[in-house]
Amino acid sequence: MPDKNYLTIAKEGMDEFVERKSRFMGFIKPVTTEEEALNFIREKQKKYWDATHNVYAYVLEGGNLCRFSDDGEPQGTAGIPVLDVLRKEGLTDCVVVVTRYFGGILLGAGGLVRAYSHGAKIAVDAGGVVEMRRCLLGEIVCDYAQYGMIPSILADCGATLTDTEFGEAVTVGFSIPREGQGSLEAAVIDRSNGRLSAVFAGEEWVPCPVERHKK
């Protein structure tokens, strides 16, 4: 597993467009292993067996493992442009397949590069980008009178409420980036006049929204 935050795809996505009668379909999926990436590629190759080309690229292990294929298109006009989109977006742990049905009009080398790049980019936009952040898991136990202030404390400190259990007391579970631990602890103590505290136990990777502008 990586030791720092990283960008990846939120969910499987797809989009398509037509360029000079050729139909391009861009597919994307978050993956964590090469086997998952290859299975996704084989799935698209099988489903779109009659396509002219099924070009692909994937990035894993924080960018240390990259693979691509032109699948019969002129060298350098398809697989590398798709991979370059993933690199420029700073993404890892994802796989893209851009499927083309030839429409009878040649696009030329430059046209192919632009088309496959666009196919990858619309797939990225369809899947959405998230930042995976290493977050601490914790909980706050309070009574019902104190519960009302907890969600706002969590939100103000950048924590995410994960679950709430209502029993004799209220147990509020949350996750928070490691760098926010100190501010949350201080806020809980301050706003409860020292009656409450946050308890931390364990950590996990949590997807966080990323503000991005489509190009």
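Taking strands (runs of 3 or more DSSP E) as the structural unit, those lying wholly within segment 127-215 and holding at least 3 residues that are in contact with a strand residue (DSSP E or B) (Cβ under 8 Å, 6 or more places away or on another chain) and of a type in the set (S, T, N, Q) correspond to 160-166. The condition of being among the small types (G, A, S) and over 17 Å from S117 (Cβ atoms) holds for G63. One residue is enough: does segment 74-86 have a residue meeting the conditions of a type outside the set (G, A, S), in the same structural domain as G13 (by TED's automatic domain parsing), in contact with a Pro (Cβ under 6 Å, 6 or more places away or on another chain) and crowded, with 20+ Cβ neighbours inside 10 Å? Checked against the condition, which is being of a type outside the set (G, A, S), in the same structural domain as G13 (by TED's automatic domain parsing), in contact with a Pro (Cβ under 6 Å, 6 or more places away or on another chain) and crowded, with 20+ Cβ neighbours inside 10 Å, segment 74-86 yields no hits at all. Considering the conditions (1) in contact with a strand residue (DSSP E or B) (Cβ under 7 Å, 6 or more places away or on another chain); (2) at pLDDT below 95; (3) within 26 Å of T32 (Cα to Cα), N64 is excluded by exactly one of them, (1).
Where strands (runs of 3 or more DSSP E) sit wholly within segment 1-84, those with at least 1 residues that are more than 20 Å from V130 (Cβ to Cβ) occupy 13-19, 22-30, 53-60, 65-69.
Within segment 104-133, residues that are in the same structural domain as P74 (by TED's automatic domain parsing) and modelled with pLDDT under 95 reach partners that are buried (at least 19 other Cβ atoms within 10 Å of the Cβ) and in a helix (DSSP H, G or I) with beta carbons closer than 7 Å, at six or more positions or on different chains, in the pairs L107/A115.
The values are calculated or read from the model by the stated rules, or taken from the named source; none is laboratory data. All of these numbers come straight from a predicted model, not from anything done at the bench. We place every Cβ from the backbone using ideal geometry, glycine too, and count neighbours over all the protein chains shown.
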